[in-house]
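Shown next, in C-alpha cells, is the structure this report addresses.
Throughout, read-outs are computed from the coordinates displayed, never taken from laboratory work. Computed from a predicted structure; not experimentally measured. With ideal geometry, Cβ positions are generated from the backbone for all residues, glycine too; neighbour counts draw on all protein chains shown.
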Amino acid sequence: MNIPYPYCNPSKTVIEYIVGTNLKRKVNAVKTGMEQERKLSPIGAVSAAFAEFMTAGFIGWSYETLITSVYLGHFEDRGVLPVPLLPIYAFFALFLSLLYGKRKPSWIRVFAVCTVMTTVFEYIAALVTEKIFGYMLWDYFAWPLNFQGRISLFSSLIFGAFSVLYVKGVRPLILYLHGKFPKGAVIATFFLALVMTLRVILSGG
C-alpha cells in the first residue's frame, strides 16, 4: 500500500509542509516589501516614512525601557516625549531607508556599515543632547569597553544587529503592511505627519 509521506514530493519544501503554502506566500510578500516603495505616490511615500518613523521610535523606546527596567529592578520610562517613542531611533531608521531603500545589500555589509555609523551617530547625538539638556540622557559607564560613557563597543554591536533586522525584516514588513492600507488611511497618515511636523517647527522643538 502506498502511504503518503510529507516529504515524498520533492517539488515542495519543508516550510510549505510545516507552515503551509499560504504563509509562505505572505513571507515572500514581506521579503519583497521594498518593491512597494517604488510604486508610492508622494503622499504615499510620506505616509510610509511616517509609519517607519513611528514604528522604529516605538521599538527603540521598548528596547531601552526594557533594558533599563531590568537593570534597575523597576519600571523606568526611557522616553523623552509624552508618547512611547525615542526620536533618535526613528530618525536613524529614516536614514537607513534613504541609504538602503533602493538597494539589496548583504546582511554582513549592513552590519559592518551600521555598526560604525551608529557609533558615530550615537556619539554626536550624545554631545548634542548634553548641550541642549545640560546632562547625559544615557551613559555606558557600567558597560565594558566604553568611551567617555557615551558609546560602548557592545552597544554598537547591538545597534549593528538591530540595523540588520530593521533593513532585512522590519522595514519590508512595514512597507508590505502599508501597501495594504486603504487609500483613506494613507491620506490620513500623510496629514497626521504633516500636522506633527508643523507643530514641532512652530513650537521650536
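Taking a ≥ b ≥ c as the square roots of the eigenvalues of the Cα gyration tensor of the stretch 78-205, is the shape rounded (a/c under 1.5), prolate (a/b larger than b/c) or oblate? Don't skip to the end; give the middle numbers.
Working: a/c = 2.58, a/b = 1.24, b/c = 2.08.
Note, shape of the stretch 78-205 comes out oblate.
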Leu86 neighbourhood, Cβ < 15 Å, K/R = +1, D/E = -1, net charge -4
Lysine pairs in the stretch 32-203 with alpha-carbon atoms under 24 Å apart, 8 or more places apart or on different chains: how many are there? 11
